[in-house]
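Heads up: the structure comes next, in structure tokens.
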Amino acid sequence: MNSKESCRSELRIAIRQLSDRCLYTASKWAAEQLMGIEQDPANFTPSNTRFQWGSSSIRRRFRTNEITSTPIAGVSYVSTPVMEEDDAVDGDFYLLAKSYFDCREYRRAAHVLRDQTGKKSVFLRCYALYLHVKLSSMELSHYYPRLVVGATKSINYAIIGLNTQYQKEAWYNEAGEKRKEEEVIELEGPLGKSDSVNHELVSLERELSTLRKNGSIDPFGLYLYGLVLKEKGSENVARTVLVESVNSYPWNWNAWSELQSLCTTIDTLNGLNLNNHWMKDFFLASAYQEIRMHSESLAKYEYLQGTFGYSNYIQAQIAKAQYSLREFQQVETIFEELLRNDPYRVEDMDMYSNVLYANECSSALSYLAHRVFMTDKYRPESCCIIGNYYSLKGQHEKSVMYFRRALKLNKNYLSAWTLMGHEYIEMKNTPAAVDAYRRAIDINPCDYRAWYGLGQAYEMMGMPFYALHYFRKSVFLQPNDSRLWISMAHCYETDQLRMLEEAIKCYRRAANCNDREAIALHQLAKLQYELGRPEEAAFYYKKDLERMEAEEREGPNMVEALLYLATYYKTQKRFEEAEVYCTRLLDFTGPEKETAKSLLRGMRTTQSGFPSMDVEHFSP
């Protein structure tokens with residue numbers, strides 16, 4: 001069996017096993033990767049290739065090196081045996097419990113399996129109890145809506161579009177715990193932080209710990225044990241347990257995702273003792289992206305495309321990496337192709353809306369907002385897309401309303417907090433912006449956009465020292481974004497700091513980071529002139545002028561650069577070069593034209609050894 005057939009066979013078995021254990025998100029992910037494997041040409045039929053049509057154009061366009069053979073063929077992977085099921089032991093009880101589970105009757109499902117000892121039954125019973133604890137917090141928000149920022153009324157689960165079990169699982173997994181929230185009601189501060197512990201998880205942890213020590217726990221039980229440990233804050237032990245889970249059963253993407261959330265540095269990632277399975281490549285690609293190693297992440301995904309050449313998931317992840325590298329044109333092309341292949345896709349579309357917002361594509365963003373609204377308006381992604389649409393139209397109050405709706409659906413949705421902070425900045429409501437950005441940082445301390453937003457907020461409040469602290473945090477997390485360096489440079493230039501040498505260093509970094517706004521070179525020239533360094537100023541004005549010529553841009557900056565260079569070269573008695581810049585200024589119609597004529601007359605009278613120049617032949 002070749003490597004592609006091996007992956008296909010493993011995924012088919014895994015999909016059934018994951019679905020049977022109600023791990024629907026992981027099952028969906030595995031099914032998408034199964035469809036991402038290129039079919040054998042001998043088996044091509046219209047029915048089994050329709051899903052794959054169209055993806056090849058992206059693959060050809062964005063892969064740096066065409067991979068002619070599957071990469072897995074040249075790598076030695078550990079073979080993971082297929083798990084033995086215990087359906088015969090407690091199958092009837094399990095089927096009943098699973099039916100209750102699918103109907104969201106978690107306590108009832110756990111009760112049916114209370115006396116069952118099979119590993120699969122033990123897992124489902126514990127998982128049902130775990131989700132019951134999660135669900136309880138959502139019911140609590142009915143009575144204490146202030147716990148969910150922006151909530152104005154309770155959420156009716158029957159009408160919010162939880163039409164599939166995949167959505168239900170994602171919904172419940174985002175909630176907090178009932179007991180914990182009851183303690184938080186009086187203890188939490190304005191940001192909702194508290195050290196209270198969910199006591200219901202303690203007994204669950206104790207049972208799973210005993211099963212692990214006795215060796216009577218399966219990989220799914222280890223995954224659940226890792227979840228519980230992570231909830232309690234025991235991250236080191238949780239990491240160890242999750243490694244055991246993925247090494248024993250590598251096809252559970254949920255376990256890999258939880259493990260990734262516990263690996264925030266490259267040292268932690270390299271310290272994991274993972275078996276060499278092809279699922280590890282998916283994990284590393286995603287983990288590299290989270291720790292901002294975007295080039296390494298792209299290389300991994302391109303490597304995986306040798307086998308999963310039609311995977312929409314991989315294409316979306318490539319788009320995410322390109323977005324982080326600010327390659328917006330490529331990102332837009334990828335998302336357009338993804339929507340053609342999967343027109344009802346909502347995942348990751350909020351990132352696409354960010355690109356359309358940055359490019360000011362109002363009509364495309366309007367179409368996307370309408371599309372996701374008709375597909376599923378009760379998704380946080382949909383609310384964020386609509387919020388971006390209203391923001392682009394300048395309707396910031398309406399935009400904030402939709403970001404609040406996103407947070408009502410998922411109070412830990414990072415993008416909504418950050419984007420809402422941006423809207424408050426636009427509305428000059430800096431205290432609310434600071435609160436929103438701090439909530440984003442609480443959720444993900446590695447979100448450079450939230451740190452950058454805090455810097456902007458404090459800069460608006462006239463507190464440059466605080467702003468500088470947050471800008472430094474943002475550039476540490478995203479050192480290749482020119483906007484962050486420029487903002488930090490502006491902070492150094494304020495009257496309270498006047499640290500111009502530091503500002504120059506920041507502008508230089510921005511110029512080396514593909515400064516799309518063309519701010520850094522112009523500011524460098526002005527600062528060098530202000531510090532009495534005419535030669536350095538001329539150097540940066542010339543570079544800025546060359547860039548404007550290459551981009552076919554004109555404006556005040558071009559006039560300023562031409563005037564300075566003409567004056568500088570005249571002072572240096574390099575009259576031929578000065579004449580070139582003066583001649584170009586004669587094409588403008590403002591006062592700079594008269595200034596250029598005056599410079600030319602001055603050069604005519606001071607030159608020695610050059611024929612006199614008649615300025616009047618220049619057309620007015």
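Taking 0.36 nm per residue of sequence separation and removing the Cα-Cα distance, the Glu530/Ala31 pair yields an extension gain of 173.4 nm. Starting from the Cα of Glu347, step 7 Å toward the Cβ, then list every residue of the stretch 296-318 with an amide N under 15 Å from that point. Of the residues in the stretch 296-318, 310-318 have backbone N under 15 Å from the label point off Glu347. Restriction of the chymotrypsin sites (Phe, Trp or Tyr not before Pro) in the stretch 315-401 to DSSP coil positions whose beta-carbon has at most 14 other beta-carbons within 10 angstrom yields Tyr344. Charged neighbours of Leu272, selected by a Cβ distance under 10 Å, balance to +2 (K, R count +1; D, E count -1). Note on the stretch 454-583: Cα-only Rg and Dmax are 16.2, 50 Å.
Computed over protein heavy atoms with a 1.4 angstrom probe, the accessible surface ordering of Ser248, Ser297, largest first, is Ser248, Ser297. Gain on full extension, evaluated as 0.36 nm per residue between Lys393 and Lys573 minus their Cα-Cα distance, stands at 59.5 nm. Phi-derived couplings, Karplus 6.51 cos²θ - 1.76 cosθ + 1.60 at θ = phi - 60°, listed residue by residue for the stretch 302-307: 5, 5, 5, 5, x, 10 Hz, with x used for Gly and Pro. For the pair Thr494 and Ala518, a Förster radius of 22 Å applied to the C-beta separation gives a FRET efficiency near 0.50, rounded to the nearest 0.05. For the set Lys573/Lys597; Lys4/Lys300; Lys4/Lys213; Lys28/Lys119; Lys119/Lys232; Lys542/Lys573, the pairs lying more than 28 angstrom apart at their alpha carbons are Lys4/Lys213. Here each label is just a point 7 Å from Cα along the line to Cβ, and for Arg553 and Met427 those points are 3.2 nm apart. Tyr466 exposes around 120 Å² of accessible area when a 1.4 Å probe is run over every protein chain in place. Rolling a 1.4 angstrom probe over the stretch 1-40 with all protein chains present gives an accessible area of which 51% lies on carbon and sulfur atoms. The stretch between Thr268 and Phe328, if pulled fully straight at 0.36 nm per residue, gains 18.5 nm over its current Cα-Cα span. The alpha carbon gyration tensor of the stretch 349-405 gives principal lengths a ≥ b ≥ c with a/c of 1.5 or higher and a/b no greater than b/c, which makes the shape oblate.
The listed residues His490, His522, His199 rank as His199, His490, His522 when sorted by accessible area, largest first, using a 1.4 Å probe. Loop-located GluC sites (Glu not before Pro) in the stretch 496-565 (DSSP state not H, G, I, E or B) with no more than 13 neighbouring Cβ atoms inside 10 Å: Glu517, Glu551, Glu552, Glu554. In the context of the full protein assembly, Ile443 retains an accessible surface of approximately 60 Å², using a probe radius of 1.4 Å and ignoring ligands and nucleic acids. Cβ-Cβ distance of Ser209 and Glu336, R₀ of 51 Å, FRET efficiency by 1/(1 + (r/R0)^6): the value works out to about 0.55.
Across the alpha-carbon atoms of the stretch 363-446, the computed radius of gyration and Dmax are 12.3, 35 angstrom. Note on Val202 and Arg508: the model spin-label points, each 7 Å out from Cα along the C-beta direction, lie 5.8 nm apart. For the stretch 222-284, the alpha-carbon coordinates run over 31, 24, 15 Å along the three principal axes, in decreasing order. Annotation: lysines with alpha-carbon distance below 19 angstrom to Lys543 (same-chain offsets under eight excluded): Lys505, Lys526, Lys570. A Förster radius of 25 Å combined with the Cβ-Cβ distance from Asp102 to Ser234 puts the calculated FRET efficiency at roughly 0.20.
Hull volume per residue, based on the alpha-carbon atoms of the stretch 467-510 and their convex hull, is 50 Å³.
Computed over neighbours whose Cβ is under 13 Å from that of Tyr448, the net charge equals +3, Lys and Arg +1, Asp and Glu -1. Largest to smallest in accessible area, the residues Thr333, Thr240 fall in the order Thr240, Thr333 (1.4 Å probe, all protein chains included).
Summing charges over neighbours of Leu262, with a neighbour being any other residue whose Cβ is under 14 Å away from its Cβ, gives -3 when K and R count +1 and D and E count -1.
The values are calculated or read from the model by the stated rules, or taken from the named source; none is laboratory data. Since we're looking at a predicted model, the values are computed, not measured. Glycine gets a Cβ as well: all are built from the backbone with ideal geometry, and neighbour counts include every protein chain shown. Just so you know, the surface numbers come from the protein's heavy atoms only, side chains and all, with ligands and any DNA or RNA stripped out. Shrake-Rupley method; radii C 1.70, N 1.55, O 1.52, S 1.80 Å.
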